[in-house]
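To start, the structure under review is shown below, and the notes come after it.
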Amino acid sequence: MRRRLLALVCVSASLLTGCGVMSDSAAERRTVTVWLMQHSASQDFLDRFTEEFEREHETLDLDIRVQEWTGIGEKVQQALRDDDPDGPDVIEVGNTQVSAYAEGDGLLDLTLESMRDWGRDDWLPGLAEPGRWGSQQFGIPWYAANRVVVYRKDLFRAAGVTPPKTRDEWLETTERLDTGDTQGIYLAGQDWYTLAGFIWEEGGELATERDGVWRGALDSKAALRGMDFYRRLQRLGDGPVDADEEHPPQAGVFAEGRVAQIVAVPGLVRAIVQQNPGLEDKIGYFPVPGTEAGRPGAVFTGGSDLVVPAGTDAEDAAVEVVAALTGARWNTDLARTMNYVPNKASLADSVAGEEGLRAMAAGAARGRATPATPRWSVVEADNPIKEYMTRVLTGADPGKEAERAARRITETLAFD
């Protein structure tokens, strides 16, 4: 058994009188091993959570072990296969990774708890949907982060413009900002996560599933409209057409002071200000605009879910840990501590006091995740979407290139 039992067992009748009667609280203590990822939560948060959780659960001890993202996929798969007495009882995983772990029956089905106790219907869809495999809920949303528009307030004032409310206004505003040495927007040509949001906003998909078969969908009319909007926006700056947002890092480009906007998570601003402290009071945020005023555009939602290995022998205790970490109290505490979006739309007001988080929370309500198939990670490894984007941005026929990319996605998702 994984958990260490600390009860004193009297095995001889001659010792019974010396044993006495043990209290229920001393009869058994269990250690719940929790794997959390590096930088997901501060040490101060973990210390506070551990202290209070153990005080409220007198027979439970928490053993929180921080893991690195590099190589974590195989490490989690190994933990799910093994019956290791020292293995994890709760694991933090990327929201888009849940299906890969659930596919092999390695995770505990938490559908009942989700619906009965945890308010599943209020979870952010970009976290909740990829946490499902079939009709069952395996991943429980913990925190979210999504892209917003990071902009220069001073450059907007100088151009006589304000944050736009619709995509059409966004194009008009960006065109007015794109003048002289100033780029209206810096948008790398292969920023496919941003493109995904534009495609979803038009009603398109990256891939669709029917009767268990996945097919690429970049060649749909809706997806092509999303790509066309990306092309029109991207040309209002000097972003490279053959590279993504990390080559070069867009934080460094923005820090140079000649860019009016980028599409990024608010946390990126820390890196910008480190490189150019003079920009600290000049940066603002607004949600990625949608097609309709008053409704932010669809965005890719990244973040983490919590899962419980099916083989744990501390099931009830593990569920208690998940319930506490994802419940309103500690979830909003984590969001404020780490600049995240809470896991429920109803908790958005808890971070409304900070401009970047407020913009991110507004967008998170329309967040989405990548297709819920374990094979999607293989698509990303040899990403045909990036090549498709570059070809279109350099003048190739969008329809033909979309068909080519969709076919490659279909072939990759069908490979067994």
Answer yes or no: is there a residue in the stretch 140-157 that is surrounded by fewer than 24 Cβ atoms within 10 Å (Cβ to Cβ) and over 30 Å from GLY257 (Cβ atoms). no
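Go through the stretch 152-180 and count every residue that is of a type in the set (Val, Ile, Thr) and assigned to a helix (DSSP H, G or I). Full working, then the answer.
Looking only at the stretch 152-180, we keep the residues that are of a type in the set (Val, Ile, Thr), and these are 161-162, 166, 173-174, 179.
Now restrict to residues that are assigned to a helix (DSSP H, G or I): 173-174.
Number of matching residues: 2.
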Filtering the stretch 95-124 down to residues that are open to solvent by 60 Å² or more (accessible area, probe 1.4 Å) and either basic (Lys, Arg) or at positive phi (or both) yields ASP105, ARG116
- Would you check if ASP305 is under 23 Å from the mean Cα position of the chain (by Cα), within 30 Å of GLY87 (Cα to Cα) and open to solvent by less than 60 Å² (accessible area, probe 1.4 Å)? yes
| request: For ALA310, state whether it is among the small types (Gly, Ala, Ser), surrounded by fewer than 17 Cβ atoms within 10 Å (Cβ to Cβ) and either touching a Lys or Arg at 6+ places or on another chain (Cβ under 6 Å) or over 24 Å from GLU56 (Cα atoms) (or both). | output: yes
Apart from one, (1) closer than 16 Å to ASP219 by Cβ; (2) modelled with pLDDT under 95 all hold for THR410; the odd one out is (2)
Might you check whether a residue that is polar (S, T, N, Q), within 28 Å of ASP89 (Cβ to Cβ), at pLDDT 95 or above and crowded, with 22+ Cβ neighbours inside 10 Å occurs anywhere in the stretch 261-274? no
Only unsatisfied item for LEU80, checking (1) touching a strand residue (DSSP E or B) at 6+ places or on another chain (Cβ under 6 Å); (2) open to solvent by less than 50 Å² (accessible area, probe 1.4 Å); (3) modelled with pLDDT of 95 or more, is (3)
Conditions (1) at pLDDT 95 or above; (2) part of a strand (DSSP E or B); (3) within 23 Å of HIS39 (Cα to Cα) -> VAL149 fails only (3)
Flagged pairs (Cβ under 9 angstrom, 6 or more apart or on separate chains; first in the stretch 178-189, touching a residue at least 12 places away in the same chain (Cβ under 8 Å); second polar (S, T, N, Q) and surrounded by fewer than 16 Cβ atoms within 10 Å (Cβ to Cβ)) are GLY189/THR394
Residue set GLU58, GLU92; condition under 18 Å from ALA324 (Cβ atoms) and over 22 Å from the mean Cα position of the chain (by Cα); output residue GLU58
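Could you pull out every one of the helices (runs of 4 or more DSSP H) wholly within the stretch 191-277 that has 3 or more residues that are over 30 Å from MET338 (Cβ atoms) and of a type outside the set (Gly, Ala, Ser)?
Once the helices (runs of 4 or more DSSP H) in the stretch 191-277 are filtered for at least 3 residues that are over 30 Å from MET338 (Cβ atoms) and of a type outside the set (Gly, Ala, Ser), what remains is 221-234.
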Going through the stretch 292-302 in order, the residues found to be open to solvent by 10 Å² or more (accessible area, probe 1.4 Å), on the phi < 0 side of the Ramachandran plot and more than 12 Å from the chain's Cα centre (by Cα) are GLU292, ALA293, ARG295, PRO296
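On the given criteria, is GLY257 open to solvent by less than 10 Å² (accessible area, probe 1.4 Å) and either in contact with a Gly (Cβ under 8 Å, 6 or more places away or on another chain) or not hydrophobic (A, V, I, L, M, F, W, C) (or both)? Talk me through it step by step, then tell me what you get.
Details: open to solvent by less than 10 Å² (accessible area, probe 1.4 Å): no; either in contact with a Gly (Cβ under 8 Å, 6 or more places away or on another chain) or not hydrophobic (A, V, I, L, M, F, W, C) (or both): yes.
When the stated conditions are applied, GLY257 does not pass them.
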Selection from the stretch 210-245 of residues of a type in the set (Gly, Ala, Ser), modelled with pLDDT of 95 or more and open to solvent by 20 Å² or more (accessible area, probe 1.4 Å) yields SER220
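The values are calculated or read from the model by the stated rules, or taken from the named source; none is laboratory data. All figures in this text were calculated on a predicted structure; none of them were measured in a lab. Here the Cβ is made from the backbone with ideal geometry for all residues, glycine too, and neighbour counts use every protein chain on show. Surface areas here come from the heavy atoms of the whole protein model, side chains and all, with no ligands, DNA or RNA. Shrake-Rupley method; radii C 1.70, N 1.55, O 1.52, S 1.80 Å.
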